Amino acid sequence: MTIHRLKILTLGVALVTLPLTLHAQEEVDATAWVSDDLTTFVRSGPTDGYRIIGTLTAGEPVTVLETSGDYSRVVDAEGDTVWILSDELQETPSAQERLPVMEARVEELTEELAGINDTWQSRTASMSETLEVRERRIAELESRNAALEEETEQARSTIRELQARLDTQEEDLLMRYFMYGGGVAGAGLLVGLIVPHLPRRRRKRDRWF
């Protein structure tokens, strides 16, 4: 009799608390992922009192159907419906699922970087080639300038030599003029000194008788 009353009492409590439990459950239809940090146990109900019926692998995607207290009812990849602690779910894809995307992105960035590197090397080579051409041009101009300076110096030296020879010829010519003029003046002076001392011829008078 006591056992029968206990069963009836337990059934009554269950019926009273059932609406509260249903009210506390929040229906959710979203995708979540088991946390990357662990492999977690799942239960047959939304409390620690329910038995463990399996595990979910870290990073495994699940569909959240509802939440009740600290637990969420989810459907795993195999279609099984289980309860898991809500704290052991995350809203972002697992690292396992993000890894191929990240690898593809890394490969894309690597190719882009390689393209940038090739472009930069091409530009650098072009700039180096242009610089080499300019350096050769500058060297040629400097060589021509040095040759012109040498020719100019030779021309100046030749002009100085010609000028010196011209000055010498002018001096010789002036000396000759002076000597010629001096000779003429000396001859004139000598004639002037000699002529007065020459005997004069007397005029013969015509005699008629």
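The values are calculated or read from the model by the stated rules, or taken from the named source; none is laboratory data. If you're wondering where the values come from, they're calculated on a predicted model, not measured in any experiment. Note: ideal-geometry Cβ built from the backbone for every residue, glycine included; neighbour counts use all protein chains shown.
Regarding the stretch 96-104, can at least one residue be identified that is surrounded by 10 or more Cβ atoms within 10 Å (Cβ to Cβ) and either modelled with pLDDT of 85 or more or touching a helix residue (DSSP H, G or I) at 6+ places or on another chain (Cβ under 6 Å) (or both)? Taking every residue of the stretch 96-104 in turn, none turns out to be surrounded by 10 or more Cβ atoms within 10 Å (Cβ to Cβ) and either modelled with pLDDT of 85 or more or touching a helix residue (DSSP H, G or I) at 6+ places or on another chain (Cβ under 6 Å) (or both). Taking the criterion of being farther than 17 Å from Ala30 by Cα and either in contact with a strand residue (DSSP E or B) (Cβ under 6 Å, 6 or more places away or on another chain) or buried (at least 16 other Cβ atoms within 10 Å of the Cβ) (or both), the only residue of the stretch 57-83 that qualifies is Ala58.
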